[in-house]
Structure formats: C-alpha cells, structure tokens
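Read through the structure below, which is laid out as structure tokens, and then see the notes.
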Amino acid sequence: MIKLYGLTMSNYYSLIKALLIEKGLEFEEVKAPPTQDEDNLARSPMGKMPSIGVDGGYMSESLAIAAYLERLQPQPALLPPDPFTAGKVMELTCHIKLDVELVARRCLPEAFFGQTVSEETKAATEQDLKRGMRAVDRLLVCEPYAAGSELTLADFYTFFSFGLANAISQKMFSLDLLDGRPALSELMARLAEQPSIAAVEAAKG
C-alpha cells in the first residue's frame, strides 16, 4: 500500500491525496511535518511535503509523484493519449505551478505566518504574479476543463495551486486572481464538486 507523508495544510499534499482518490488507489496517510530530520530527508531530500513510500522506497515532488501514479494506474487517465496534447497539459501545469503559485509563495511567510517580507520582494511578486497570470490566460481552455474537454492533471493543479496563490494575492495585494476571469471562476467551482477533490476538502473540516 502507498503511504502518503505530510500534513493537510500543504496544498501539494492535498493535491496528491486527491489524485490517489481519483485513481482509486489504496493509501495510508502518515502525519509528517516538513523538517530537516534525517528520517524526513530520506523521504524528501529538501524536507518538503508531500512524499510517498512504496515498498520501502520513497518519492517526493508532486509532479514526479503524479507521473508515477499515472503509470501505476492508467485509468482514469489524467494525461491524454496523444503525445502533443499530453505535452500541452504538462505545459499548462508547469506555468500554473512555476509562474503563479511559486511566485505567490514568496510572500507566504508574511501572508500566513507572521513574518516579514521586504517591500522589494512584495513589489516584484505582485508584478511577476500578474505576468504569470497573463501567461496562464494564454493556455487555459476551460471548455469545460482546464486543458479542454477532459479532466486532466492540469485541473488538479488549477484547483490546489490557484487556491493558495489567490489567498496570498488577496491578503498581500488585495488582488483577486479570479476577478475578470469568469471562465476560471466557473472552473474552480466545477472542480470543487469533483468527487476526489470534494472528499479531500471535506476531510479538512
């Protein structure tokens, strides 16, 4: 059985949990905070969440875990069979992760943990976040899902990455990333009703 290490506070933990449910795979949740302790570094070399354990081996990084789960349980498929279309799904996923969410994370310490971020960092983050959203706008299809007619990996990143990024953006810049993007707002609402995602969100209480 797959062991899922981490905490529900991590959006990537929630994302992987949703993928496991979507794939119908059995798994066990193991509470493991992000530390630099040796046992955690053995599972996740940077000490981040989440990681998984499989038959005594470990894997970290959400994209790597998602790729593993796709091969382990091909159905329901979250990457299209056509190579180019699958590549476009991954392109969108990467832009959401790298150019929106990870940009917003620069201000995470101040937004939610009472720390201070420099004014230079805030200014650069707001500018880069707007640029990242413009890039994603060019790729999002939302007809009815993120990359087209079928639910894909990009949808899971859309829901769990935009959820965090928008919370940070609203708190730090009073900037709602969904404002003026009705198709994206509708997609977020649609994804909230996806059974696997809904189950993860309900479990958070």
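The values are calculated or read from the model by the stated rules, or taken from the named source; none is laboratory data. Please read these numbers as outputs of a predicted model, since none were measured by experiment. Cβ coordinates were reconstructed from backbone atoms using ideal geometry, including for glycine residues, and neighbour counts include every protein chain displayed. For the accessible areas, the whole protein counts, side chains as well, though only heavy atoms, and no ligand, DNA or RNA atoms are used. Shrake-Rupley method; radii C 1.70, N 1.55, O 1.52, S 1.80 Å.
Restricted to segment 173-186, and to residues there that are charged (D, E, K, R) and under 16 Å from residue 144 (Cβ atoms), the residue that is least open to solvent (accessible area, probe 1.4 Å) is 181.
For the residues 127, 170, the requirement of being in a helix (DSSP H, G or I) and either surrounded by 15 or more Cβ atoms within 10 Å (Cβ to Cβ) or touching a His at 6+ places or on another chain (Cβ under 9 Å) (or both) singles out 170. Checked against (1) loosely packed, with under 14 Cβ neighbours inside 10 Å; (2) aliphatic (A, V, I, L, M); (3) not in a helix (DSSP H, G or I), residue 4 passes all but condition (1).
Yes/no per residue for (1) out of contact with any helix residue (DSSP H, G or I) (no Cβ under 9 Å at 6 or more places or on another chain); (2) farther than 24 Å from residue 201 by Cβ; (3) free of Cβ contacts under 8 Å to residues at least 60 places away in the same chain:
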position	(1), (2), (3)
11	no, no, no
47	no, yes, yes
54	no, yes, yes
60	no, no, yes
76	no, no, no
90	no, yes, no
102	no, no, yes
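Looking at segment 81-116, which of its residues are assigned to a helix (DSSP H, G or I) and of a type in the set (Asp, Glu)? Even if it seems obvious, please write down each step before you answer.
Residues of segment 81-116 assigned to a helix (DSSP H, G or I): 83-113.
Listed by number, the residues that qualify are 91, 99, 101, 110.
So for segment 63-72 (the condition being free of Cβ contacts under 8 Å to residues at least 40 places away in the same chain, under 30 Å from residue 32 (Cβ atoms), in a strand (DSSP E or B) and of a type in the set (Gly, Ala, Ser)), does at least one residue qualify?
no
Considering segment 134-153, and only residues there that are buried (at least 24 other Cβ atoms within 10 Å of the Cβ) and farther than 14 Å from residue 192 by Cα, the residue that is nearest to the chain's Cα centre (by Cα) turns out to be 153. Here residue 105 meets the list (1) open to solvent by 60 Å² or more (accessible area, probe 1.4 Å); (2) more than 17 Å from the chain's Cα centre (by Cα); (3) not acidic (Asp, Glu) almost entirely, failing just condition (2). When restricted to residues that are open to solvent by less than 10 Å² (accessible area, probe 1.4 Å), closer than 21 Å to residue 168 by Cβ and not aliphatic (A, V, I, L, M), segment 11-53 contains 3.
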